[in-house]
Amino acid sequence: MTTAPTVHPPAAPDPGEESAAGTLARWHRTGGLVAPVITALLAFLVGGLVVLATGSNPIDVYKGIWNGAGLEWFYDVGSNQVGLPFSDATVWFPWDTSSASAENLQQTLILWTTLVLTGLAVAFAFRCGLFNIGGQGQYFVGAYFAIWVGSSFAGMNSALHITLAVVVAALAGAAWAGIAGILKATTGAHEVISTIMLNWIAYYTGLYLFGQGGPLQNDLQPFSPTSNEVVDGARLPVFWGDPLLQGLHMGMFLAFAALVAFWIIINRTTLGYEVRAVGFSPDAARYGGISVARNYFLAMAISGVFAGMAGAVDMLGWRFSIGFSDIQSSSIGFVGIAVALLGRNTALGVGLAALVFAALGNGTAARNIPPEVFDIPEQAGNLSLTIQALVLLFIGADIVILYLWAKTGQKIGVGRRSPL
Amino acid sequence: MSVGAATVEREGISTDTVARVLAWGGGGLGVLAFWLALPPVTARNVVVPLMVGGLGVIAGAAALRLGVGRRVGMLAISVAVLGALLGWLATRSNIESLEQVFVWSVLLAATLRAATPLACAALGGIFSERSGVVNIGLEGMLLMGAFFGFLGADKLGSWWWGLICGVLAGACLAAVHAFVSIHLRADQIVSGTAVNFLALGITGYFFIEVYTDQGTSDVDFTPTFTIPWLHKVDFFGAAIGDMNVLIWITLALVVISHIAIFHTSIGLRLRSVGEHPKAADTLGISVYGVRYAAVILSGALAGLGGVYLTNGITHSFSENLSAGRGFIALAAVIFGRWRPYGAFAACLIFGFTEALALRLPGAYGEDAAWTTLFRALPYVVTLVVVAGVVGRSIPPAADGKPYVKQ
């Protein structure tokens, strides 16, 4: 890869004689879907083998996950009515928007919203050559501030209140991630270690703030270690489903907006150009007059904005309060890593990968798995963790795919694009 | 100052030495400032820590002037300032609390306990990184060792079966990391993260499968090793009189690792592969072979740390028990400049903060909510160390770079 053992001068590629690996590499460069799709399929296949090894039927399990995620909704077409938003009128619609599978799908999309944001948090830093595994901590900090703002100021104008909570959460996330960015830029401290440490600091800070006797513990039940509830005015409006039964909230549009913003920043702004340049080669970028330190900081801070917003939409959209056990069991920031890597750190990719993991996560939630598939429903959650790990492993080693591909034909003639 | 330095130089001691001694002295004074305010001395006057700490700052500044290097000088000054600050805090708090927290023998024992899993993982990290493979997966290997050590001891009925199972489990996970990052030349950080996820999934799965969320305490845990004649000695009896067998093993491993890496031909091969794999390859050393061995060894060592974590400390397993210790160990590796003794010293510092974090809440009443914040102390210290001290310490030249066979 470093030195090609060939005497031929690098000639223009002959379109008629391109190797299979070359084709695949071009797919890569154009952001192709082939490799990620193969990776995901492979991961699910191996995950199925794991299920088989534990004595369950993998086809039943995956079918259970599919239905639990509400994906059957899409091919359950009939003649139905749907209410137009903000009015009482209804129009004809091919899908039934109030079926059980529709409710499952709403849950999947709620999770999608969060995963897009935590995924973008990892992806943005990746484009600058930084591995932000602190999405979890940034999510926590964003969530704490969203809860704090959302549960105070009762009676404020609703739109203003929501905006304030989201902005404060985003800034808090940015500041938290920015610490790691500044350390990387000034002292060279490795961002992997510093962000992990920041995760744990955020974790224990949360246990203190909302725990027994903590300053932000709720005012009503002194023995319940949770926060105050977000006031009605600060809750994100639900646009699909029953607001009392965790319907799909407007935060989903924030996720869409974030995807678009990510694409624009990365591909159409000077900042994005500089971030990518530093990501490809910090030395070359420095030689080209780009401040590497500044971009390290900005990339981390912007990552933190995404993760902080993820915390905000979760708190204002459907959780409405955060407690001891919520903090202890949260791992949404880490799933963002798998989302970003499967999505190849592009906006479109993150959007699609988030859908895969949201479906997997919601489909393996204990309440959605039929009892006859797994004797212990919690096991499904660990299956989803294992599949995430396999996806990471196969993406890290996507040379597997190139290798197998090349085995059938010519030798590999192209370099692999590192996900970093 | 410069006159003094010149005089010393005439007598054959270089300015460098003087500066270094001053820097170390400054740091030492900082530690002393804190120590004087603690039991058994328990100076109650604020002037004492401030004076001693101030002297430390002056010594550090002098060392800076003599050109000891900005990093070392600043380190000395910050340690002195920190010592003075902590000493001042100690003079403000009441004596009973201090005496309850700072029982030195108990604190030392707790430090060694907390440092052992870190040290095992850090030794693993050193072997792996010395061979040129970054091992972010230490965390997962620690977790594998913790769970399978517990499972082995429980199901096979004896602590050494647990030890074998845990070490093997760590090594197996490391083999995955090795294959992906050596043969398939994956990005080592991504692969390490994947391995961490894998460990979470596997241990979580089997934990629920076997124990349905409840651990058992009826297990043959790793025994302690009581030294009969030392047991009754005042200070050392409580500190190291009856330590767990695995702590002694770890202490031995630190020494053995140092000798193996720096004083044997195997160690020379290891280092050459990590510094300049191409040259090593030319000389007939199997780069892949050495790297595989090193990474798998690192997994085995981290697994050993994990076994101690469950069978030596917690005596139970819960999901994600390792709680970032693998990453703290990684910080210790960097802080110790990829050397066993240095890394072990770093582990002792981190272990001390962990021990302190566990003891401090006791002094202030378990129900004081803010004592939860003490639990974050080890992570804060690690962050500060990674940021301030580690900075530009230089890793092995080929660390993190996949090697393509020629």
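Give me a comma-separated list of calculated 3J(HN,Hα) values for the stretch B:306-320, in order, Karplus coefficients 6.51, -1.76, 1.60 applied at θ = phi - 60°, integers in Hz, x for any Gly or Pro.
In residue order, the calculated couplings are x, 4, 5, 4, 7, 7, x, 10, 7, 6, 6, 10, 9, 4, 6 Hz.
If you take every residue apart from B:GLY289 with its C-beta less than 14 Å away from the C-beta of B:GLY289, what net charge results, scoring Lys and Arg +1 and Asp and Glu -1?
In short, +2.
Provide B:SER316, B:SER131, A:SER384 in ascending order of the number of other Cβ atoms located within 10 Å of each residue's Cβ, fewest first.
B:SER316, A:SER384, B:SER131
From the square roots a ≥ b ≥ c of the eigenvalues of the alpha-carbon gyration tensor of the stretch B:73-151, which class results: rounded (a/c under 1.5), prolate (a/b over b/c), or oblate?
In terms of gyration-tensor shape, oblate.
Give the distance, in whole Å, between the Cα centre of the stretch B:76-107 and the Cα centre of the stretch A:223-282.
Distance between centres, Cα-based: 45 Å.
When you look at the Cβ of every residue in B:374-382, what mean number of other chain Cβ atoms sits within 10 Å?
Mean shielding count: 5.
Taking the beta-carbon count within 10 Å as an exposure proxy, list A:TYR75, A:TYR144, A:TYR139 from fewest neighbours to most.
Placing the least packed residue first, the sequence is A:TYR75, A:TYR144, A:TYR139.
Just want the answer: with Cβ charges of +1 for Lys and Arg and -1 for Asp and Glu, which residue in A:TYR139, B:PHE150, B:GLY170 is farthest toward the dipole's positive end in the protein assembly as shown?
Checked the options; the winner is B:GLY170.
Calculate the spin-label point distance for B:VAL46 paired with A:SER291, positioning each point 7 Å from the Cα along the beta-carbon direction, and give it in nanometres.
4.0
Obtain the nm distance between the two label points defined at B:ILE266 and B:SER158 by a simple spin-label model: each point lies 7 Å from its Cα along the Cα-to-C-beta direction.
2.5
Measuring from centroid to centroid over Cα atoms, what is the spacing of the stretch B:20-64 and the stretch B:142-194 in Å?
Comparing the Cα centres of the stretch B:20-64 and the stretch B:142-194, I get a distance of 44 Å.
Which FRET efficiency, nearest 0.05, do A:ALA154 and A:VAL91 yield, Cβ-Cβ r, R0 35 Å?
Between A:ALA154 and A:VAL91 the formula returns 0.40.
Where Lys and Arg each count +1 and Asp and Glu each count -1, what net charge lies around B:TRP161 among other residues with Cβ under 12 Å from its Cβ?
-1
Report the local net charge at B:ILE182: Lys and Arg +1, Asp and Glu -1, summed over other residues whose C-beta lies under 12 Å from its C-beta.
Net of charged neighbours comes to +4.
For an R0 of 30 angstrom, estimate the FRET efficiency from the Cβ-Cβ distance between B:THR15 and B:TRP229 and round to the nearest 0.05.
After rounding to 0.05, the efficiency reads 0.05.
What size of dipole, in debye to the nearest 20, comes out for the protein assembly as shown about its Cα centre when the only charges are +1 on Lys and Arg C-beta atoms and -1 on Asp and Glu C-beta atoms?
3020
Dipole size in debye (nearest 20) for the stretch A:72-373 around its Cα centre, Lys and Arg Cβ +1, Asp and Glu Cβ -1?
1140
For the stretch B:343-350, what does the Karplus curve 6.51 cos²θ - 1.76 cosθ + 1.60, with θ = phi - 60°, yield as ³J(HN,Hα) per residue in whole Hz, taken in order and with x for Gly and Pro?
So the J values, rounded to whole Hz, are 5, 5, 4, 4, 4, 5, 4, 5.
For the stretch B:289-295, what does the Karplus curve 6.51 cos²θ - 1.76 cosθ + 1.60, with θ = phi - 60°, yield as ³J(HN,Hα) per residue in whole Hz, taken in order and with x for Gly and Pro?
Ordered by residue, 3J(HN,Hα) equals x, 4, 5, 4, 4, 5, 5 Hz.
Taking each residue of B:130-139 in turn, how many C-beta atoms of other protein chains fall within 10 Å of its C-beta, and what is the average?
1
Is the shape of chain B rounded, prolate or oblate, going by the alpha carbon gyration tensor and its root eigenvalues a ≥ b ≥ c, with a/c under 1.5 for rounded and a/b larger than b/c for prolate?
oblate
From the square roots a ≥ b ≥ c of the eigenvalues of the alpha-carbon gyration tensor of the stretch B:1-132, which class results: rounded (a/c under 1.5), prolate (a/b over b/c), or oblate?
Verdict is oblate for the stretch B:1-132.
Scan around B:MET243 for amide H atoms under 5 Å from its own, H built in the peptide plane at 1.01 Å from N, and keep only partners 5 or more places away or cross-chain.
For B:MET243, the qualifying residues are B:PHE225, B:ILE227.
If packing is taken as the mean number of other Cβ atoms within 10 Å per residue, what is the order of A:336-348, B:103-115, highest first?
Sorting A:336-348, B:103-115 by mean packing, highest first, produces A:336-348, B:103-115.
Just counting partner chain Cβ atoms within 10 Å, what average do the residues of peptide A:154-162 show around their Cβ?
Going residue by residue through A:154-162 and averaging, the value is 0.
For A:VAL37, B:VAL381, what's the fewest-to-most ordering of other Cβ within 10 Å of each Cβ?
With the fewest neighbours first, A:VAL37, B:VAL381 line up as A:VAL37, B:VAL381.
With a 10 Å radius around each residue's Cβ, average the other Cβ atoms per peptide and rank A:242-250, A:320-328, B:327-335, A:203-211, highest first.
Peptide ranking by packing, descending: B:327-335, A:203-211, A:320-328, A:242-250.
Using a Förster radius of 25 Å, what is the FRET efficiency between A:ALA284 and B:LYS401 based on their Cβ-Cβ separation? Nearest 0.05, please.
0.90
Computed from the coordinates by the stated procedures, all read-outs in this text should not be read as laboratory data. None of these values were measured; they are calculated from a predicted model. Note that each Cβ is placed from the backbone with ideal geometry, even for glycine, and that neighbours are counted across all protein chains shown.
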